[in-house]
Amino acid sequence: MDGMMVDPVFVDIAAVDEIPARGARTVSTAHGPVAIFRTGDNAIFALRDRCPHRGGPLSQGIVHGHGVTCPLHNWVISLETGSASDEDAPCVARFPLRIEAGRILLGIAGPIAA
Amino acid sequence: MDGFKMSRPRLVVIGNGMAGMRTVEEILSAAPGYFDITVFSGEPQPNYDRIMLSPLLAGDKNFTDIVLNDYDWYEANNIRLIAGEHVDWIDRKKRIVRGAHGNDVPYDIALLATGSNPFVLPIQGAELDGVQTFRTVADVEDMLAVAKPGCKAVVIGGGLLGLEAAHGLNLRGADVTVIHLMPTLMERQLDASAAHLLERALTARGMTILTATETAAFVGDEQVRAVRLKDGTEIEADLVVMAVGIRPNAGLARAVGLTCNRGVIVDDWMRTSDPEIFAIGECVEHDGEVFGLVAPIWEMAKIAANAMTGNQGPGFCPTVSIARLKVSGIDMVSAGAFMGDATTDDIVLRDASRGIYKRLVLRENRIVGIVAFGDARDSGWHFQLMKDETDIETFRDSVIFGPALDGAAGPAEVVLALPDHAEICGCNGIAKGKIVSAISEFGLTTLEAVRARTKASSSCGSCTMQVEALLKATIGNAYAPVMVKSMCTCTDLSHDEVRRRILGGDLKSISAVMQALEWKTPDGCHSCRPALNFYLLCAWPGEYVDDAQSRFVNERMHANIQKDGTFSVVPRMWGGVTNARELRAIADVVEKFDIPEVKITGGQRIDMLGVRREDLPAVWRDLNAAGLVSGHAYGKALRTVKTCVGSEWCRFGTQNSTAMGIALEKMSWGSWHPHKVKMAVSGCPRNCAESSIKDFGVIATEAGWDLLVGGNGGIKLRGAELLCKVTMADEVLEYCAAFLQVYREEALYLERTAHWIERVGIDYVKSRIVEDAEGRAALAERFHHAQQFAQVDPWEERSAGPTPPSYVDVAELV
Ligand code: SRM
Ligand SMILES: Cc1cc2nc3c(=O)[nH]c(=O)nc-3n(C[C@H](O)[C@H](O)[C@H](O)COP(=O)(O)OP(=O)(O)OC[C@H]3O[C@@H](n4cnc5c(N)ncnc54)[C@H](O)[C@@H]3O)c2cc1C
Ligand code: SF4
Ligand code: FES
């Protein structure tokens, strides 16, 4: 939950350009794999790389708008909220990030939601 | 009647082209049953849409698409068609039309509709093989026989016809040069500014345009080899197309003593100097004028039909015509006095960076000429204002921006505002009133029904939006364009429509498609993006750059994802045959990478399951080293070709089914499809390779090979249907390539051959593959062309260099 958050430490993980537009790359962390998404309009998001349905790797899905379709059974997850499109409650953990001088800094201390 | 049967007057039509048959159609609708009709046709085909020869050449249409009146139509209307017989005499005294093969047909009224002849430059070498004109289906066939990728084609004449020929040949892969005598292209339709933009657009497509250049001779022994210019330069040529103008075909009329000048002289009702003989179309001269576009011909047809059936109404008074260049992706229109003179003013809109140029020529606040290049959407409206001689003074400031600016009307409102006589479909000369009344009278509810009934929008399709707007306005909610299912919620267009527009609009990237077709989402969804990626790949082989991000994970990673996020690896085993070296490599890879499971698949191959994503490139590198390549088990692509042992080993085998399977697989591996495609070859009817549940199955017999299509052993079992029997091994390969290509070009994305055939019918597939030898060859040719670019082992591409970043983490924070 939001309140449990510890101050994150921001670590440089990659240049924005290393993530393909409408695609994702993965980062391995102490929290397990994290998927870094870049959308068509160049927004960057970091989510846990695990589908709430049966654990599919979201990083391997098709990115469209601000969402990603899981490659295993086509659940669509919102990158902004981490919720599956037909449910309201966020169910995929999101991680804070910052963009500085074209680099992505991932906040790894803890997820910002669920 | 009172007891006796009156014999009907006999009408004999000479020339089975657009003008002749349009007149017959007008007669049938104004006075059905009035005449006993015979038609002599110089060409062996039924009446077809000559305008559509350009898209036929370009490969956007096939012959059946462009037939206007098929043989059934003649029969249903009791018309005797004498096909392929030239008329060489009319005995005006005895009133008999004489065919060259001896058919004598008496007439009460004869109609000359002999069209025109293309002009042939009277220069040295004009008779060489490979030097030809562009007027008939036969001409297109001749061009296609030569126009292979890389061949050199020279088009003489940079007018409408020449440029359409050049465009078609360019799309067929020929290396095209256009030679034009005048300083600017299409000088009869375009002013210099628009001509310049046109030249730029054509050059950007790889054509070479030489203006102010004169041809001196064609060089070669029997076959043309080059074109020599006045300055002595020679341009290499395997094919030369002359498109330098047309002459009315009035030879027959002249020979039988009818008054002729450039064309057959007719009065306002299309009567020649002999009151029993009418003439119509491009062969006539009316009031000093000859014709080269269809719009005035439609007018003539109506007037002549009435006069011939004894209802002489108002006479012919030619109006201006609008000319459009049918080169997909280039919007260009011109009409009227586009050059202007001392008594006219111009309104010009120029947007050089977007390649848009529009010019209206005005005389006393009335439009008298139009030129539009790059954006001709408002030209229909401008043309109507011109035809109606509307005084535009009150909206002169905004007229060039089109009707939308005038009260923010969309294209739909614009059509509704047009008067009933306004022409909607330029190709077929169909007015708004006719479309609207056909919709109400026959209860039409779909675009297809309107096309079938009125022909409106059935040719080039550029008026489709207007016709849809009329449907909507006429029947309101009963018009459900969603009858054709839209691709997904990102667009209202159907799969077919999107494909049509990709080709027609020259759209070559996913973003271009989404922009041009007004996608409702910023970048589509997981359902439309893979479909678009495939449609573009199929439409523009070698040109379209595959979009990995629009591929499903398996196709992007070239391996099948498993439920735990690992992947499976299935190398190709040609025809199911392997050897010790390959098996050893597989065994080594399994041990080296700790692959948890190895399984023999249902498709005669070996599956290594549970490979970690980061190991994939290294696994492939090792497999590649033993000669193993990707099996595409992950793709909407050619999968396996199963075979049995066949005549090499089996006591019942009649043919070498294993070798045939390998040949089929070598030909078709790497090809992408709407869905996966599986094949099999069995050596005898015992069918051990299960050919009868494959997309393309082959069963050897004593006499040759049975070809089966549309089988599926998956979710819903469907036995394959017999396509045909062939005798030669080469034929198996050709039929297979043609079948795969027609499936690639026409099936909806994610529709397997079984479902596609259930939708279109096996007879349709036969009509394309079995009955149409030329069509089959052309399809096979397109398949092989696309394969040139598809047969690259994706595993080798991804494992040869450093590991691509998509297979590894960008960072490790542990
Ligand atoms: C490996 C294999 C099973 C086996 O262990 O034998 C297999 C495995 C899969 N099949 Fe299959 N099919 C396999 C032979 C078949 C066959 C038999 C055949 O090819 O002769 C069929 C029925 C024949 C047919 O296709 O008409 C078959 C009908 C299907 C279907 C249903 C297709 C349909 O049109 O109804 C699917 C689902 C789909 O494609 O959407 C499917 C989908 C799958 C997928 C790709 C499921 C998925 O999307 O992950 C499985 C992937 C396994 C993997 O990761 O390697 N598999 N599958 C076989 C691989 C053959 C090969 O060598 O490439
Ligand atoms: C490639 C191409 C593209 C075109 N594009 C357009 C366009 O976009 N817009 C437009 O408005 N127009 C276009 N046209 C022009 C249009 O096709 C013609 O205006 C129209 O076909 C003329 O009709 P017609 O019946 O007079 O002649 P045709 O259609 O040529 O018909 C004449 C027929 O008579 C036959 N014939 C001749 N002599 C005899 C004889 N003695 N006995 C028996 N039969 C005979 C001929 O074989 C031919 O079949 C195009 C033409 C071509 C070739
Ligand atoms: S039959 Fe079902 S479970 Fe077995 S491989 Fe095919 S898709 Fe997977
Ligand atoms: S695991 Fe993601 S949808 Fe099933």
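When the alpha carbon coordinates of region B:131-244 are projected onto the principal axes, the ranges are 40, 31, 24 Å, largest first.
Under the rule a/c < 1.5 gives rounded, and otherwise a/b versus b/c splits prolate from oblate, where does region B:486-551 land using the Cα gyration tensor? Oblate, since a/c reaches 1.5 and b/c is not below a/b. Taking a sphere under 12 Å around the Cβ of A:G55 and counting the other residues whose Cβ falls inside, with K and R at +1 and D and E at -1, yields a net charge of +2. Cysteines in chain A that lack a partner Cβ within the 4.7 Å cut-off: A:C91.
Derived from the Cα gyration tensor, the three semi-axes of the equivalent ellipsoid of chain A are 20, 17, 12 Å, largest first.
Give the relative contact order (percent, whole number) for chain A; include only Cα pairs under 8 Å separated by 6+ residues.
Values: 261 pairs, mean separation 33.6, N = 114.
Taking the mean separation of contacting Cα pairs over the length of chain A, I get 30 percent.
Shown here are the Rg and Dmax of the Cα trace of region B:173-239, at 13.3, 41 Å. Largest first, the extents of the alpha carbon coordinates of region B:275-402 on the three principal axes equal 57, 35, 24 Å. Each principal axis of the Cα atoms in region B:466-615 has its own extent, and those three values, largest first, are 71, 32, 28 angstrom. Here the contact order of region B:126-236, divided by its residue count and restricted to Cα pairs under 8 Å and six or more residues apart, works out to 24 percent. Take each peptide in B:105-117, B:288-300, count the other Cβ atoms within 10 Å of every residue, and average; sorted highest first, the result is B:105-117, B:288-300.
Regarding region B:734-813, what's the average projected area of the Cα-atom convex hull, expressed in nm²? Present the calculation step by step, with values, prior to reporting the outcome.
Working: hull surface 31.5 nm².
With every direction weighted equally, the projected area is 7.9 nm².
Rounded to whole Å, give me the distance from the Cα center of region B:785-814 to that of region B:117-170. About 44 Å separates the Cα centre of region B:785-814 from the one of region B:117-170.
Each Lys and Arg adds +1 at its Cβ and each Asp and Glu adds -1 at its Cβ; summed about the Cα centre, chain B shows a dipole of about 1520 debye.
Kirkwood Rh over alpha-carbon pairs of region B:1-158, then Stokes-Einstein at 20 °C and 1.002 mPa s: what D in µm² s⁻¹, rounded to an integer?
It diffuses with D of about 120 µm²/s by this estimate.
Normalised per residue, the accessible area of chain B is 43 Å², obtained with a 1.4 Å probe and no contribution from ligands, DNA or RNA. Between region B:285-347 and region A:17-57, what's the alpha-carbon centroid distance in Å? Value for the Cα centre distance between the two parts: 62 Å.
The mean count of C-beta atoms from other chains within 10 Å of the C-beta of residues in B:523-529, rounded to a whole number, is 6.
The residues packed around B:M52, meaning those with a beta-carbon under 10 Å from its beta-carbon, carry a net charge of 0 if Lys and Arg are +1 and Asp and Glu are -1.
Distance from the C-alpha centroid of region B:525-546 to that of region B:583-642: 27 Å, rounded to the whole angstrom.
Ranking B:Y535, B:Y749 from most to least accessible surface, computed with a 1.4 Å probe over the protein chains only, gives B:Y749, B:Y535.
Legend: P(r) of region B:638-790 from all alpha carbon pair distances, 5 Å bins from 0, whole percents, reading 2, 11, 21, 24, 22, 14, 6, 1, 0.
For peptide A:59-71, how many partner chain Cβ atoms fall within 10 Å of a residue's Cβ, on average? Write down the numbers at each step before the final one.
Details: counts 5, 10, 3, 13, 5, 12, 6, 1, 3, 1, 6, 2, 8.
Partner Cβ neighbours, averaged per residue: 6.
Stokes-Einstein, applied to the Kirkwood radius of region B:279-327 over Cα pairs at a viscosity of 1.002 mPa s and 20 °C, places its translational diffusion at 182 µm² s⁻¹.
Overall shape of the protein assembly as shown was characterised from the C-alpha gyration tensor. The equivalent ellipsoid obtained from it has semi-axes of 57, 36, 27 Å, in decreasing order. Sequentially through region B:239-247, phi angles give Karplus couplings (6.51, -1.76, 1.60; θ = phi - 60°) of 8, 10, 10, 9, 9, 10, x, 10, 10 Hz, Gly and Pro residues having no value and appearing as x. In the protein assembly as shown, the DSSP beta bridges split such that about 70 percent are antiparallel, to the nearest 5. Translational diffusion coefficient, Stokes-Einstein: compute it for region B:205-345 using the Kirkwood radius over C-alpha pairs as Rh, at 25 °C and 0.890 mPa s, and state it as an integer in µm² s⁻¹. The diffusion coefficient I find is 130 µm²/s.
From helices alone, the protein assembly as shown scores -8000 deg cm²/dmol at 222 nm; the rule is -39500 (n - 2.57) for each run of n ≥ 4 DSSP H residues, then divide by the residue total. Packing, as the average of other Cβ atoms within 10 Å across residues, places the peptides B:692-703, B:496-507, B:761-772 in the order B:692-703, B:496-507, B:761-772, highest first.
What is region B:638-790's relative contact order, in percent, from Cα pairs under 8 angstrom and six or more apart in sequence? Write out the running numbers ahead of the final one.
On the way: 324 pairs, mean separation 29.5, N = 153.
So the answer I get is 19 percent.
Which net charge results for the neighbourhood of B:K725, defined as the other residues with beta-carbon distances under 11 angstrom from its beta-carbon, given Lys and Arg at +1 and Asp and Glu at -1? Kindly include the intermediate steps, with their values, before the conclusion.
Details: positive: none; negative: B:D706, B:E731.
Net local charge, B:K725 excluded: -2.
Equivalent ellipsoid of chain B: semi-axes from √(5λ) of the C-alpha gyration tensor, largest first, are 53, 33, 27 Å.
Counting Cβ atoms of other protein chains within 10 Å of each residue's Cβ and taking the mean over peptide B:799-808 gives 2. Chains A and B together bury some 2300 Å² of accessible area, summed over both sides, with a 1.4 Å probe.
Ordered from largest to smallest accessible area (heavy atoms of protein chains, 1.4 Å probe), the residues B:W620, B:W669 come out as B:W669, B:W620. Given a 1.4 Å probe and the protein chains as shown, A:D49 ends up with an accessible area of around 20 Å².
The values are calculated or read from the model by the stated rules, or taken from the named source; none is laboratory data. Here the structure is a predicted model, which means the values were calculated and not measured. Counting neighbours? That spans all protein chains shown, and the Cβs are built from the backbone with ideal geometry, glycine included. Accessible surface is based on the protein model in full, side chains and every heavy atom, while ligands, DNA and RNA are left aside. Shrake-Rupley method; radii C 1.70, N 1.55, O 1.52, S 1.80 Å.
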